[in-house]
1. I need every pair where a residue in segment 140-164 that is more than 18 Å from Glu175 (Cβ to Cβ) and of a type in the set (S, T, N, Q) has its Cβ under 7 Å from the Cβ of a residue that is in a loop (DSSP other than H, G, I, E, B) and open to solvent by 10 Å² or more (accessible area, probe 1.4 Å), sequence separation at least 6 or different chains.
2. What helices (runs of 4 or more DSSP H), lying completely within segment 215-304, carry at least 3 residues that are closer than 21 Å to Leu103 by Cα, of a type in the set (A, V, I, L, M, F, W, C) and touching a residue at least 12 places away in the same chain (Cβ under 8 Å)?
3. Check Ile396, Ile411 and return the single one that is β-branched (Val, Ile, Thr) and free of Cβ contacts under 8 Å to residues at least 40 places away in the same chain.
4. Restricting attention to segment 583-593, and to residues there that are at pLDDT below 75 and open to solvent by less than 70 Å² (accessible area, probe 1.4 Å), which single residue is farthest from Gln482 (Cα to Cα)?
5. Which is in a helix (DSSP H, G or I) and under 16 Å from Ser114 (Cβ atoms), of Glu193, Glu172, Glu187, Glu151?
6. Where in segment 674-783 are there helices (runs of 4 or more DSSP H), lying fully within it, with 3 or more residues that are at pLDDT below 85 and more than 32 Å from the chain's Cα centre (by Cα)?
7. Please work out which one of (1) open to solvent by less than 40 Å² (accessible area, probe 1.4 Å); (2) closer than 30 Å to Arg436 by Cβ is the condition Tyr680 fails and give its number.
8. Of all residues in segment 711-731, which are open to solvent by 10 Å² or more (accessible area, probe 1.4 Å) and touching a residue at least 40 places away in the same chain (Cβ under 8 Å)?
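The values are calculated or read from the model by the stated rules, or taken from the named source; none is laboratory data. Note that the structure is a prediction, hence the values are computed from the model and not measured. Note that each Cβ is placed from the backbone with ideal geometry, even for glycine, and that neighbours are counted across all protein chains shown. Note: areas computed on protein heavy atoms with side chains; ligands, DNA, RNA excluded. Shrake-Rupley method; radii C 1.70, N 1.55, O 1.52, S 1.80 Å.
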Amino acid sequence: MDRVASSMKQVPNPLPKVLSRRGAGAGPEAAERESFERSQTVSINKAINTQEVAVKEKHARTCILGTHHEKGAQTFWSVVNRLPLSSNAVLCWKFCHVFHKLLRDGHPNVLKDSLRYKNELSDMSRMWGHLSEGYGQLCSIYLRLLRTKMEYHTKNPRFPGNLQMSDRQLDEAGESDVNNFFQLTVEMFDYLECELNLFQTVFSSLDMSRSVSVTTAGQCRLAPLIQVILDCSHLYDYTVKLLFKLHSCLPADTLQGHRDRFMEQFKKLKDLFYRSSNLQYFKRLIQIPQLPENPPNFLRASALSEHISPVVVIPVEASSPDSEPVLEKDDLMEMDAASQQNFFDNKFDDIFGSSFSSDPFNFNNQNGMRSREKKDTLIDHLYREINGLKKEMENIQAEKHLALLQLKGRISELEAELAEQRHLRRQAADESEFLRAELDELNKKREDTEKAQRSLTEIEKKAQTNEQRYSKLKEKYTELVQNHADLLRKNAEVARQVTVMRQAQADLQREKKELEDTFHHANEQAQRKTQEQTEVLETLKQELSISKHEFQVLQGTLETSAQSEAKWNMQIEGLEKERTSLAKIASERYEEISSLRNQLERTQSELTSAQESMHQIAKDQRKSILLETGQEAEKMVKDTLSQLEDPILISCTGSADHLLFKTNCVLKCIDQVEEAQKQYLTSSDDVSGLARSMTLLAHLVSDTILQGSATSLTTSLEPAEMLTDACKECGREALLYLSALKEEDSLRNADSTAMKSCLSMITAIGEELRPRGLDIRQEELGDLVDKEMAATSAAIETATARIEEMLNKSRAGDTGVKLEVNERILGSCTSLMQAIQVLIMASKDLQKEIVESGRGAASPKEFYAKNSRWTEGLISASKAVGWGATVMVDAADLVFQGKGKFEELMVCSREIAASTAQLVAASKVKADKDSANLAQLQQASRGVNQATAEVVASTMAGKSQTEETENMDFSSLTLTQIKRQEMDSQVKVLELENQLEKERQKLGYLRKKHYELAGVAEGWEDEPGASAAAVPEAESEKD
């Protein structure tokens, strides 16, 4: 109350302004109007306030009833227009929530009265859209949704505000025009898109890492999503139905855009429904439906029958903690005109008295005038009371109409919930089958793991051998690298020596050049001196006569010159020798350099050839590994294909769920192989990944082929042949794919598309072969037991009536032996039906005793649900008894018409006895051995066996009596003809004996298969004690 008071202080109270227009003395109607507006104003202000809490249901309900009372929303808008919606985001958010409720559950005129404010809502949406935090974006998107809802209902007035329509009304909305249906589907898509945008925005604004649904702030944001969920469930249902209708009238290509848009919205809606169902806030207020795993296939018209309309269930008792009690339909009583008139007449007589009514014109009374004034006053009071009662009746009728709509919605929701629970029951049965198949698969995986370990040991041995080869190659490579390094060092040393030699040679050349220059200079000097000496000699010869002394001096000078010339010649000869030795040393150095160069080139060529050989050896090794792996994989697949014709596999059976699991594993392995193929083509140094993937693929393909072959043995002929052919084709495509992978030339072009198509075909066949479980819930088992028992009793009574009718017909139309045979057989059949009826009653009494002694404080339904396997056994046995009785009556009718066989009647009676034995065995599993009802049940079972024997005996007697009437006359036959007929009879006897033996074998196999399937369906594997006690006894009774 404090919070409400504070919120009322925060929001300006528009009550005086609204009521200021009313005058003080405007009469009773004005007072009533004033009281109504006052109560509506208070409720609206309490519902729409600034506190960040969810809108209370009772305040919103008062606003809804107010629109029905005044047949419009004038008062609502007059109060809302004075609220500061543009300045407070929380206030605007709660206004959107209340207005959404009014559009859904309020009076139809709410939409008409609200259209004038559509532009104001758009402006407010744009204004709040500028805020990126808090409630700004939420208010903007919610206002846009409300505008879209108003436009949708304006364009399509046939749709009510809560969108609840029948299929006939939906067809009438389109007026049987495909263009209207096309446009209507587009508008529904737009409408649903706005709903989903609000859904996603609210979830994105919440911190899902914390329990936001239990906080008041989180509940304030989540509360409007209940209305969104209600709208989305109807829009999704109508969209699916309209799309199926459009696909029946238009080409599929034309509706491609519709399908794409539906797929996108389907994924969003499924995700949002799943996320909402996990929130604690919604679990106590609403039951959110779950959409199917896969969207509807609009290209297949029969898929419409598989569509289940999603229904949202809102529990009445848990709608809100503050909600007011809802009026039931039985409490809303209408008063017809006659009863109202009687009521007012009686009240008039009580007030005025009977004398007034007997003498209304007695004006001589003294108090006449006074009493008439009093009566006028009372009449006015009564008129006002009548008007008040009329208005109250209108309110009651409006509430009755609203309650009626809620009850209808509740009924449809419960029906949808029942269908959904049945669907969940089927899913649970499928899951149990899948788990059983998964257990078998785990056992096979264990065997496969052992095989894989053995193969892994062999691979490790090969890897060790390859490792040894690799270590040898590595040592050789290291030695070559060391030799190469030594040669490089020698090459560097030789190059350094060559450089030194070249430098020394250059120095020698320079010294040689200097010596030659010196020699030329000395030679020129000698020539000049010789010329000078010659000139001097000539001068001396000319002057010989002048002085002998000078001649002697000149002669001595000439000898000195000759000696110096000889010395220079010796020095030149020494230089020539030194030059010759240096040239010889240089030539030796050149030869040594050339030899070192040749040795370096040979070393480099040897190193290059060693590297090439090493790369070639590694490449050959990778090729050999890849080739050997591919050959082993192909051998594995070929062995598997050859085993398909092996008779040993006939005794092996498999499940479709396990086959689907294997195909999924193969598809994932193919993706791994393709990834390894890309890596190997990019870098061919490592082949281990591709080899492992090929080996795993071969294993999985082999397992899939064997599993497909085993699964084909558990189904009919045509699907079995299709599955076997698909498995063989998958094996052949796998061989082609592995053959392409093992060769490097074809590795780049290896394609797995054909193999994937074969696996898709196997998957499709496996999906069709998956078993379908029982379509009931465990909570319904108790009711189903009673129903099946009642149905069996009804079937027995119907069979008894038909037998009586056939007996009367036989008495009227047959005579003699045929009438006697028919009366005997029908009498025994009637006795059998009576014995079965007694047995069923005894079984019911024993079951009640078992339930009462075993359930404790639980209810019978809980006891049946707890012992579901035993309950399903009772149901199966009851069905078998009723079915056997119906079949036996049909066989008797055919026998009497001459179209049937006496053997069919005997087989039917024995089958009934076996079914009753099964019912007895199932009933006595949990019974006390000292129970009186058990003794009575066993006595009734012996009575059924005796009655069955009487039916068989009367049938055999009737057959023999009928055959005796057909005398065989052989008097006209000759010896040859008799011999010929005797041979024909012997041949026919042999044929019949052979056929009898085959039919007995077939019967044995059928019984074996029947018990296997019954064990899987009724859970004998889960309850070994019950099955061990029930099955042998039923089999012995049947034999």
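1. What qualifies is Ser140/Gly129.
2. 225-249
3. It is Ile411.
4. My answer is Ala583.
5. It is Glu151.
6. 717-742, 744-747
7. Condition (2) is where Tyr680 drops out.
8. Of everything in segment 711-731, those that are open to solvent by 10 Å² or more (accessible area, probe 1.4 Å) and touching a residue at least 40 places away in the same chain (Cβ under 8 Å) turn out to be Leu713, Thr714, Thr715, Pro719, Met722, Thr724, Lys728.
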